[in-house]
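Participant: My questions all concern the structure below.
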Amino acid sequence: MELGERKRKILATVVESYIASGEPIGSKALQTQAKLSVSPATIRNDLADLVVGGYLLQPHTSAGRIPTHKGYRYYIDNLMDRQYVSARVKEYIEQSISMAADAPEKILMKTAQVLSELTGMAAVTTTPSGNDARVHKIRFVITGRHTCMAVLITSNGMVKSRLFRCDFVITPELTAMFDKVLNENFVGVPLKEINQGYLQTIAALFGEFSLFMPDVLIAIFDAAKQAMETTINVSGATNLLFLPGYDMMSARNVLKFLADNQSVSDLLCDNIKGTKIYVGKESGCYELTDSSVITTRYEIGSVAAGAIALIGPVRADYKNLVSLIEFASECASTLIGELLEV
């Protein structure tokens, strides 16, 4: 069904009115809010056509109209204006996320917390998939006479550390040697290639130093293995129990979805840049039938990394939520990039 200009204006007004009030809107109120210069009878005819087309729903015979999932979809794709984030909110987001800017995963956790706080929705962040990640840098931190921590930093922004113990005393000179020889041999190597065979090959290159290396190499192997896994962080899940637009069953379904890391990862972890919005069944997840999902990608350098998402009722202030999540994503991308010097 092709929508003319007046019907587009009516649909946009119905959607925005319902988002704001949660109440159906009738022809007389539409005439005023949409500033239409036609009669209420003409507006009622247009509303009837939009109902037939599946864009609107009339809950009761004498009631006004509310948008359907199809109506929201059309609004999002064709009618929604960009809403700018205020300077005050921008400053709050930037300052809040900057407080956690000592590790990429902390940045992502704080990003989810801030978005959940500002929107009242559940916020989700994911670390990047390690399938295409490489070793960016290895560092060593002495923690005791016989203990040291190997810190593995990957090309996709993950920082994983493993403590290892040696029979010999660990000195700054020894860790400097570890740093030199291991970075020479590991930087640029894909994580998925760091296996037992590769470690044996590397150990053989060290000659007389190989006696010092087994515990160090095992720590790096364990860190690389963990960095391959996608970590999912959820903030504000309990908010869903109190949001208008959800009944108890809908909220419980979303909580069930969020508890299944594989389902969350399957939905959010693609490599497509930009922002996507799933309305109801579009997500392909039964538990999200009554929900909307707004997801975007943060970047490391210029490469799409993990996901940032908001999950809540279909009745949602999309233009505000899209602006918030995109700005928060930009902040997280910048801070992670600065931390990794990319």
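Participant: Using the crude model of +1 on Lys and Arg Cβ and -1 on Asp and Glu Cβ, and no other charge, please compute the dipole size for the chain relative to its Cα centre, in debye to 20.
Facilitator: The dipole magnitude comes to about 980 debye.
Participant: For H60, what accessible surface area do you get with a 1.4 Å probe? Give it in Å², rounded to 10.
Facilitator: Per-residue accessible area (H60): approximately 120 Å².
Participant: Give me the distance between the Cα centres of the range 310-328 and the range 198-240, rounded to whole Å.
Facilitator: 36
Participant: Continuing with the same structure: So what is the calculated 222 nm ellipticity per residue for the chain, using -39500 (n - 2.57) for each DSSP H run with n of 4 or more, over all residues, to the nearest 500 deg cm²/dmol?
Facilitator: Helix contribution divided over all residues of the chain: -14000 deg cm²/dmol.
Participant: State the extension gain, in nm to one decimal, for the chain segment bounded by M249 and L163, taking 0.36 nm per residue of separation less the distance between their alpha-carbons. Kindly include the intermediate steps, with their values, before the conclusion.
Facilitator: Details: separation 86, 0.36 × 86 = 30.96 nm, distance 4.46 nm.
So the extension gain works out to 26.5 nm.
Participant: Let me ask you something else. Specify the inter-centroid distance of the range 252-304 and the range 135-167, based on alpha-carbon positions, in whole Å.
Facilitator: Using only Cα atoms to place each centre, the spacing works out to 32 Å.
Participant: Roll a 1.4 angstrom probe over the protein heavy atoms and tell me the percent of accessible area of the range 149-270 that is carbon or sulfur.
Facilitator: Carbon and sulfur atoms account for 56 percent of the accessible area of the range 149-270.
Participant: How far is helix 248-258 tilted off the main Cα axis of the chain, in degrees rounded to 10, range 0 to 90?
Facilitator: On a 0 to 90 degree scale, this one is about 30.
Participant: Within 10 Å of each candidate Cβ there may be at most 12 other Cβ atoms; applying that plus a DSSP loop requirement, which trypsin sites (Lys or Arg not before Pro) in the range 124-155 survive?
Facilitator: Qualifying residues, ordered by number: R145.
Participant: Sticking with this one: Would you check the accessible area of R44, probe 1.4 Å, heavy atoms only, in square angstrom rounded to 10?
Facilitator: Its accessible surface works out to 110 Å², give or take rounding.
Participant: Collect residues whose amide H, placed 1.01 Å from N in the peptide plane, falls under 5 Å from the amide H of A122; neighbours closer than 5 in sequence don't count.
Facilitator: Residues meeting the amide H criterion: I311.
Participant: Let a ≥ b ≥ c be the square roots of the eigenvalues of the Cα gyration tensor of the range 119-212; is it rounded (a/c under 1.5), or, if not, prolate (a/b larger than b/c) or oblate?
Facilitator: Note, shape of the range 119-212 comes out oblate.
Participant: Any idea what log10 I(q)/I(0) is at q = 0.07, 0.10, 0.13, 0.14 Å⁻¹ for the chain, Debye with uniform C-alpha scatterers and no solvent?
Facilitator: -0.41, -0.70, -0.98, -1.07
Participant: Moving on to the next point. From largest accessible area down, sort T147, T125; use a 1.4 Å probe on the protein chains.
Facilitator: On the way: T147 30, T125 5 Å².
Most to least solvent-accessible, the answer reads T147, T125.
The values are calculated or read from the model by the stated rules, or taken from the named source; none is laboratory data. A quick note: this is a predicted structure, and the numbers were derived from the prediction, not measured. Every residue, glycine as well, gets a Cβ built from its backbone with ideal geometry; the counts of neighbours run over all protein chains shown. With ligands, DNA and RNA removed, areas are computed over all heavy atoms of the protein, side chains included. Shrake-Rupley method; radii C 1.70, N 1.55, O 1.52, S 1.80 Å.
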